[in-house]
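Each reported figure results from applying straightforward, stated rules to the coordinates on display, with no laboratory input. Keep in mind that what you see is a predicted model, and the values were worked out from it rather than measured. Please note: Cβ atoms are built from the backbone with ideal geometry, for glycine as well, and neighbour counts cover all protein chains shown.
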Amino acid sequence: MAAVCVSRSGETVLTCNPHLPPGWAQEEVSTGTTIMAVEFDGGVVIGADSRTTTGAYIANRVTDKLTFIHDHIFCCRSGSAADTQAIADVVNYQLSFHSIELDEPPLVQTAANLFKELCYRYREDLTAGIIVAGWDKRKGGQVYTVPMGGMIVRQSFSIGGSGSTYIYGYVDSSYKPGMTKEECLEFTANAISLAMERDGSSGGVIRLAAITEAGVERKVILGSELPRFTVS
């Protein structure tokens, strides 16, 4: 990075300071990403890629963007890594106390509303797009989208992150109501793999999780095992 200084003659001189960090090191760490969640009868499937970027530099290629909130509730994070981690920690803390007060597991909608309140209250300061998904005994499997700005909406399936712009056509044409857990896992893996092929901020491995009354089943699809759709 260059520093600008003025000489005695009044000329502007551009000098290079070797002690200053490169430009990418000053970029915000971002989970430029592809995240996704799908409801099925009895639970939800969530998925995400694993690439975390700092500008054009890949800071982490095996990030876990499926974040634990409670026993049957997870969130998928996109935006600023620091902002989304902080919000998830706060919701996890508040939901734990809420569960103790009620003496029963919290509702997925309660978790989504906590995310919505935080994202709306600090909308001028945070860069955070969240998908909240999980299972509870009242409504079963649920997916809630909390985009930047603090809105909340329940959807049968949701996609988010920089890679989602490449797969809207695919998910709209491929989604079918009433899909089984296995079909949802395949649908999610295919969609994220397609996004990873096109989006430079998405990559690494695909992390999947199926959340049901019985618990959470997690799966990792390695780079060599990703679904392929293009001829190289």
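Around residue 195, with a cut-off of 12 angstrom between Cβ atoms, what is the net charge of the other residues, counting Lys and Arg +1 and Asp and Glu -1?
Numbers: positive: 51, 198; negative: 49, 197, 199.
The answer is -1.
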Residue (of 48, 68, 196) at the positive-pole extreme of the chain, dipole from beta-carbon charges: 196
Under 12 Å from residue 139, Cα to Cα: aspartates and glutamates that are on another chain or at least 8 residues apart: 39, 41, 213
Convex hull volume per residue in cubic angstrom - Cα atoms of the stretch 77-116: 58
Over the stretch 104-232, equivalent-ellipsoid semi-axes from the Cα gyration tensor in Å: 26, 20, 13
Rg and Dmax of the stretch 48-91, Cα atoms only, in Å: 11.1, 35
Estimated distance in nm for a label pair at residue 56 and residue 102, the labels positioned 7 Å out from Cα along Cα-to-Cβ: 4.8
Answer label for percent of Cα pairs over 22 Å apart (calculated), chosen among (i) 63; (ii) 54; (iii) 59: (ii)
Spherically averaged projected area in nm², based on the convex hull that wraps the Cα atoms of the stretch 119-171: 4.4
Ratio of the Cα radius of gyration of the stretch 159-232 to 2.2 N^0.38 Å, where N counts its residues: 1.13
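What number comes out for the charge environment of residue 43, summing +1 per Lys or Arg and -1 per Asp or Glu over other residues with Cβ under 10 Å away? Display every interim value, and only then the final one.
Values: positive: 181; negative: 39, 41, 213, 217.
Residues close to residue 43 contribute a combined charge of -3.
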